[in-house]
1. Per 0.36 nm of contour for each residue apart, how much would the distance between N156 and A39 grow if the chain were fully extended, relative to their Cα-Cα spacing?
2. Most fluctuating residue of V13, V129, V247 in a GNM of the chain with Cα springs under 10 Å: which is it?
3. Expressed as an acute angle from 0 to 90° and rounded to the nearest 10, what is the orientation of the C-alpha long axis of helix 9-18 relative to the principal long axis of the chain?
4. Mind telling me which of A144, A12, A206 comes out most flexible in a GNM of the chain, alpha-carbon contacts under 10 Å?
5. Would you calculate a helix-derived [θ] at 222 nm for the chain, using -39,500 (n - 2.57) for each DSSP H run of n ≥ 4 and dividing by the full residue count, to the nearest 500?
6. So what does S184 come to for accessible area, using a 1.4 Å probe and Å² rounded to 10?
7. As a test question: what accessible area, to the nearest 10 Å², does L95 have when a 1.4 Å probe is rolled over all protein chains in place?
8. To the nearest 20 debye, what is the magnitude of the charge dipole of the chain about its Cα centre, counting +1 on the Cβ of each Lys and Arg and -1 on the Cβ of each Asp and Glu?
Amino acid sequence: MKDFTLENLTDAVVEAYTTNAASPRQAQIIGSLVRHLHAFAKDVELTEAEWFEGIQFLTATGKKCDDKRQEFILLSDTLGLSMVVDAINHPKGGLGTESTVLGPFYVEGSPIVESGANIIKRDIGGEVVLVTGKVTDAAGKPLAGATLEVWQTANNQLYDVQDPDAPEWNLRATIKAKDDGAFSFVSEKPTSYPVPTDGPVGQLLAAGGRHAFRPAHLHFMVKAPGHETLTTHIFADGDPYLDSDAVFATKAALVAKFELSEDATLAAKYGLKVPFTTMHYEFGLTAQ
Ligand code: BEZ
Ligand code: FE
């Protein structure tokens with residue numbers, strides 16, 4: 001029979017999970033996970049009470065999840081794990097625009113609208129902004145057939161899916177870029193906002209003495225035929241939380257200026273009052 005001890009237990013568990021694993025990759029992942037979990041417990045000399053608290057935390061995290069709320073994604077984000085996975089898969093210095101976290105508020109299937117559309121469904125005093133830009137390949141050549149899914153918070157710091165009073169698809173759409181890659185839409189200037197703190201992740205942030213805020217940003221998921229999908233944000237220059245994002249997702253190249261424009265022709269084209277706020281960004285996608 002086996003005589004399990006602190007010294008031989010880790011090797012025994014790894015062997016049990018890897019000998020007949022479904023694939024070499026499965027064996028590699030589960031083996032490494034077991035080694036790191038055991039090493040963590042040994043490192044901090046985890047007490048039984050502490051591990052029970054950990055299990056209660058994970059249980060509460062699961063219970064907080066439903067079709068609108070994904071507390072496990074929020075946990076991964078606030079622990080910086082989502083950005084580790086992002087950085088492994090989209091290394092800095094690669095071609096094209098940098099990526100960042102998807103976040104828990106993405107909703108598939110937003111209404112497809114033509115470039116130039118206004119995606120504000122309700123006026124609660126947000127600063128109207130004309131967003132313009134271009135979708136190109138990584139070398140700057142315009143791409144035809146691109147779409148940009150965009151989603152962002154309203155002036156009350158909430159995404160439509162967090163706000164029972166928001167009209168469906170408020171500040172959320174799939175923009176069809178033109179054949180020369182150019183796109184534009186009218187939206188609101190995003191505001192900084194706290195990630196949800198009414199669940200276990202909020203307790204974790206408080207226990208770590210951390211604030212819950214994210215710097216103001218628009219989310220984009222950009223697609224074009226023959227190219228990798230780009231999931232990213234554009235952050236508002238000057239935001240006070242750019243140095244302390246609750247989910248560690250900021251990148252210098254993703255910061256853009258929101259500037260006042262006096263261009264009366266452009267204002268008339270989009271039905272805006274002069275002066276109005278504009279933001280311009282060009283996305284470069286890498287080939288598949
Ligand atoms: C977001 O930007 O929507 C987000 C990202 C990570 C955690 C919470 C929110
Ligand atoms: Fe966000």
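1. Net length gain for the segment: 37.7 nm.
2. Comparing V13, V129, V247 in a Gaussian network model of the chain, the most mobile one is V13.
3. In the chain, helix 9-18 runs at an angle near 60 degrees to the longest axis.
4. A12
5. My calculation for the chain gives -8500 deg cm²/dmol from helical runs alone.
6. My reading of the accessible area for S184 is about 10 Å².
7. 130 Å²
8. Computed about the Cα centre, the dipole is about 600 debye.
The values are calculated or read from the model by the stated rules, or taken from the named source; none is laboratory data. Keep in mind the model is a prediction, meaning the values are calculated, not measured. Using ideal geometry, Cβ is built from the backbone for each residue, glycine included, and neighbour counts are taken over all protein chains shown. Remember, those area values only see protein heavy atoms, side chains included, never the ligands or the DNA or RNA. Shrake-Rupley method; radii C 1.70, N 1.55, O 1.52, S 1.80 Å.
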